[in-house]
1. Would you confirm, using the coordinates I've provided, whether S192 is assigned to a loop (DSSP other than H, G, I, E, B) and either free of Cβ contacts under 8 Å to residues at least 60 places away in the same chain or among the small types (G, A, S) (or both)?
2. Kindly indicate whether P207 is in contact (Cβ under 8 Å) with a residue 24 or more places away in the chain, surrounded by 15 or more Cβ atoms within 10 Å (Cβ to Cβ) and farther than 25 Å from C96 by Cα.
3. Taking the condition crowded, with 18+ Cβ neighbours inside 10 Å, part of a helix (DSSP H, G or I) and in contact (Cβ under 8 Å) with a residue 24 or more places away in the chain, does L98 pass?
4. Please verify whether region 175-191 includes one or more residues that are hydrophobic (A, V, I, L, M, F, W, C), over 22 Å from C96 (Cα atoms) and surrounded by fewer than 21 Cβ atoms within 10 Å (Cβ to Cβ).
5. Here are some conditions: (1) free of Cβ contacts under 8 Å to residues at least 12 places away in the same chain; (2) within 30 Å of P109 (Cβ to Cβ). A60 meets all but one. Which one does it not meet?
6. Only one of (1) exposed (fewer than 14 other Cβ atoms within 10 Å of the Cβ); (2) out of contact with any helix residue (DSSP H, G or I) (no Cβ under 9 Å at 6 or more places or on another chain); (3) assigned to a loop (DSSP other than H, G, I, E, B); (4) modelled with pLDDT under 95 is not met by R130, so which one is it?
Amino acid sequence: MRLTKQISHQTTSLPGMNIDFDAMECLSIFEPSQQVGIVTRPNNPRISAYLQQFSNQLSAGSRLTTRQKETMPALLDRQLRLPEGIGKQDLLADICLLVKLYADLMDCPSVGIRLEVLKHAMCPKFHIDRTGIRLLCTYLGPGTEWLDEAFCNRNAFASTHPTDEIFNQSLVLHPQGIRQAPEQALVLLKGSLWQGNQHGGAIHRSPQIAETTTRVVLALDAIW
């Protein structure tokens, strides 16, 4: 875990970079009792406008692996093949920032990148990922939903339920415990494979998406 001010010095030279947030807030996810970490930051309107204009031209799902030292906007552009438009460089620069930030946070040499363009909820049922710590950022559309620990019954995962509705009734103690991340916020989700967290894990789901809405989500996973 090497998250220091060095990350700011390394990334401020990238065009379109938005670093108007406290990266040190990411460290809260390493607290043993912390399952979800949310780092809010100002929206970049150029990214939102770009994705609203070109979301129909984006691949439904782009997946790649990159070494953090090699993740520069030009290289990412060749791999993602994004359409030209105002805001494209902002998006590429922000993805590069988050890759560098996440790799520094996790102290991993490589990062798996997914950029998903969704017309419907990808994982609509509350679940726990079998991962370490994953970073999500919803660039466009409704953000990831998660269940506050004080309002969940984890025993629900140990039982079989005939429908998702009955499962939710068993899991969610009160609807006010369902939280939603803001657009472009950083969401850190601790999975059940994180050391010492086999009985924990962030309980989360994809939000419902309106018929005319597109959701664009970045997901980062550490690779050693």
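1. Against the criterion (assigned to a loop (DSSP other than H, G, I, E, B) and either free of Cβ contacts under 8 Å to residues at least 60 places away in the same chain or among the small types (G, A, S) (or both)), S192 qualifies.
2. The answer is yes for P207.
3. When the stated conditions are applied, L98 passes them.
4. So far as region 175-191 goes, yes, one or more of its residues are hydrophobic (A, V, I, L, M, F, W, C), over 22 Å from C96 (Cα atoms) and surrounded by fewer than 21 Cβ atoms within 10 Å (Cβ to Cβ).
5. Failed condition: (1).
6. Here R130 meets the rest and fails (4).
Yes/no per residue for (1) within 19 Å of the chain's Cα centre (by Cα); (2) at pLDDT 95 or above:
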position: S28; (1), (2): yes, yes
position: V36; (1), (2): yes, yes
position: P45; (1), (2): yes, yes
position: A49; (1), (2): no, yes
position: S55; (1), (2): yes, no
position: A60; (1), (2): yes, no
position: R63; (1), (2): yes, no
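The values are calculated or read from the model by the stated rules, or taken from the named source; none is laboratory data. Since we're looking at a predicted model, the values are computed, not measured. Because the Cβ atoms are built from the backbone with ideal geometry, glycine has one as well, and the counts that use them run over all protein chains shown.
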